[in-house]
């Protein structure tokens, strides 16, 4: 359960260490800046940035009912973070599956990526697309009639 938080915790600990060292050298403003930068990095790499994750089976069931894409992701993935941030509020309309929390989701990603856990992988109507452009994902949310 701790695995998704490892990167965030490391950023926070490094931030405290660098800030303490900088403050000890007599530069409290620089120490505060370092602490702020590392805290932001920790927050951006935490699972809290993403909408609540579902299990792969629940996400697929919901996607079958409403036609929305399912995004498989993992904490610490810069491509996942970039997709999440560029989607903005639209990200909440997708079904998100954290492959580090759901072995079934990790298996689904490996099945379409030659055995690799390459994320983000987006499933739409049974088809998978790995690291898709944000514009493509938005199109899948609002298909033209």
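Report note on the peptides 87-100, 113-126, 70-83, 17-30: ranked by the mean count of other C-beta atoms within 10 Å, highest first, their order is 70-83, 87-100, 113-126, 17-30. Here the contact order of region 3-48, divided by its residue count and restricted to Cα pairs under 8 Å and six or more residues apart, works out to 53 percent.
With R₀ fixed at 41 Å, the C-beta to C-beta distance from residue 61 to residue 14 puts the FRET efficiency at about 0.50. Counting only DSSP beta bridges whose two residues both lie in the chain, roughly 65 percent are antiparallel. Give the shape of region 44-109 as rounded, prolate or oblate, defined through the alpha-carbon gyration tensor: a ≥ b ≥ c are the square roots of its eigenvalues, a/c under 1.5 means rounded, and otherwise the shape is prolate if a/b is larger than b/c and oblate if not. The shape class here is oblate. Once C-alpha pairs closer than 8 Å and six or more residues apart are averaged by separation and normalised to the residue number of region 50-141, the relative contact order reads 35 percent.
Between the Cα long axis of helix 6-24 and the first principal axis of the chain there is an angle of about 20°, rounded to the nearest 10.
Were the residues from residue 40 through residue 135 laid out at 0.36 nm apart, the gain over their Cα-Cα distance would be 31.5 nm. Note on region 83-131 and region 9-74: Cα centroid distance 18 Å, given to the nearest whole angstrom.
Taking every alpha-carbon pair under 8 Å whose residues sit at least 6 apart, region 89-145 reaches a relative contact order of 22 percent. Over the chain, dividing the summed -39,500 (n - 2.57) contributions of all DSSP H runs of at least 4 residues by the number of residues returns a 222 nm mean residue ellipticity of -16000 deg cm²/dmol.
Bear in mind these aren't lab numbers, they're just calculated from the coordinates by the rules spelled out. The model shown is predicted, which means the values in this text are computed figures rather than measured ones. Glycine also receives a Cβ, built like all others from the backbone with ideal geometry; neighbour counts cover every protein chain displayed.
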